[in-house]
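Engineer: One structure, as structure tokens, below. Some questions next.
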Amino acid sequence: MTAFSVLGEIAVDGTAVTRRRERELLGLLVAARGRAVSVERILGEIWADEGGRAAVQVAVSRLRTLLDPERSGRATVQSTPAGYHLAAPQNLVDVWVFEDLADQALAAPTPTDRLVLGTRADELWEGEAYAECQASSLRTEASRLAELHVTVQESRAEALLALGHPAAGVRVLAALTPEHPYREQLWALLARAQYACARQADALATLATLRTRLAEDLGVDPSPLVRSTERAVLTQDAALSSASQAREVRRHLVRRRSLRRCRAASVTAGLHLTG
């Protein structure tokens, strides 16, 4: 069976899809998760409405040849009155597996389950989703998936803290802060992990760096979560090591998960418009 990758390099069975239009077409079909994408939408996304149906048919034919070079008759890209869709098993498309694992991790009831599922999801993340695609809906989808990946990393770190492995949590979070200089949940969680490693000074320095960046770059004050974390670190509050702090982090992660689902529904509605 054919395996599809869109996390990092866009590839089929490990071979990169080098032609731009076939790459964009495959990206649109993968993002639709088996639902039909209309010819009109394909034209608008890839040809900016300057091509015709014949151009789409040529791209589809080339993509089918790429997916089935021996012409075995497998119709991986199938046509319907509504448009074209990708007929592929869920477990052979990396981003589908990633997103399902990520959702399971964020919904898991125990830290152990969140850590195991989140780690499995992270292992699939080879790089930015649809990185070589320029279609506007795919750029939106890439941003949504990047947000999901960071949220899963935060969940993994929270689970590591809850399971008594703060140093591992620090390693996960510290790798993310350069790319997310204003993400307050992330920085507050890093400070908690540092404090749990008996690194109070580092925890305070982390929060001070965030406070300075927010003030100088955005002109805003830290959120209540950051302020309460800073107070707790300064006073060596015992609650930093208690279940109450873990519950507070979980509330923020659940809130992010709800917002992500709303964004996903909006993106999906756009991807699945048919003509």
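Values in this text are rule-based calculations from the coordinates and carry no lab data. Remember, it's a predicted structure, so these values are computed and weren't measured experimentally. With ideal geometry, Cβ positions are generated from the backbone for all residues, glycine too; neighbour counts draw on all protein chains shown.
Engineer: Of the trypsin sites (Lys or Arg not before Pro) in segment 1-103, which ones lie in a loop per DSSP and count no more than 11 other C-beta atoms within 10 Å? Write out the running numbers ahead of the final one.
Structural biologist: Details: sites: 19, 20, 21, 23, 33, 35, 41, 53, 62, 64, 71, 74; in loops: 19, 33, 35, 71, 74.
Sparse-neighbourhood loop trypsin sites (Lys or Arg not before Pro): 71.
Engineer: For a quick check of your reading of the filter: which GluC sites (Glu not before Pro) in segment 17-58 sit in a DSSP loop and have no more than 14 other Cβ atoms within 10 Å? Write out the running numbers ahead of the final one.
Structural biologist: Working: sites: 22, 24, 40, 45, 50; in loops: 50.
Qualifying residues, ordered by number: 50.
Engineer: If neighbour count is taken as other Cβ atoms inside 10 Å, put 84, 182, 130 in order from fewest to most.
Structural biologist: Values: 84 24, 182 12, 130 27.
Lowest to highest Cβ neighbour count: 182, 84, 130.
Engineer: For each of 47, 96, 187, count neighbouring Cβ atoms within 10 Å of the residue's Cβ, then give the residues from fewest to most. Write down the numbers at each step before the final one.
Structural biologist: Working: 47 15, 96 19, 187 26.
Lowest count first: 47, 96, 187.
Engineer: Evaluate the Debye formula for segment 51-177 with equal point scatterers sitting on the alpha carbons, no solvent, and hand back log10 of I(q)/I(0) at q = 0.18, 0.21, 0.23 Å⁻¹, in q order, two decimals.
Structural biologist: Listed by q, the Debye log ratios stand at -1.00, -1.21, -1.34.
Engineer: Right, another one. Per q in 0.14, 0.23, 0.25 1/Å, what log10 I(q)/I(0) does a Debye calculation on the alpha-carbon atoms of segment 4-92 return?
Structural biologist: -0.44, -1.27, -1.49
Engineer: Taking the square root of 5 times each eigenvalue of the Cα gyration tensor, what semi-axes in Å does the equivalent ellipsoid of segment 168-213 have, largest first?
Structural biologist: Numbers: eigenvalues 47, 32, 10 Å².
Whole-Å semi-axes of the equivalent ellipsoid: 15, 13, 7.
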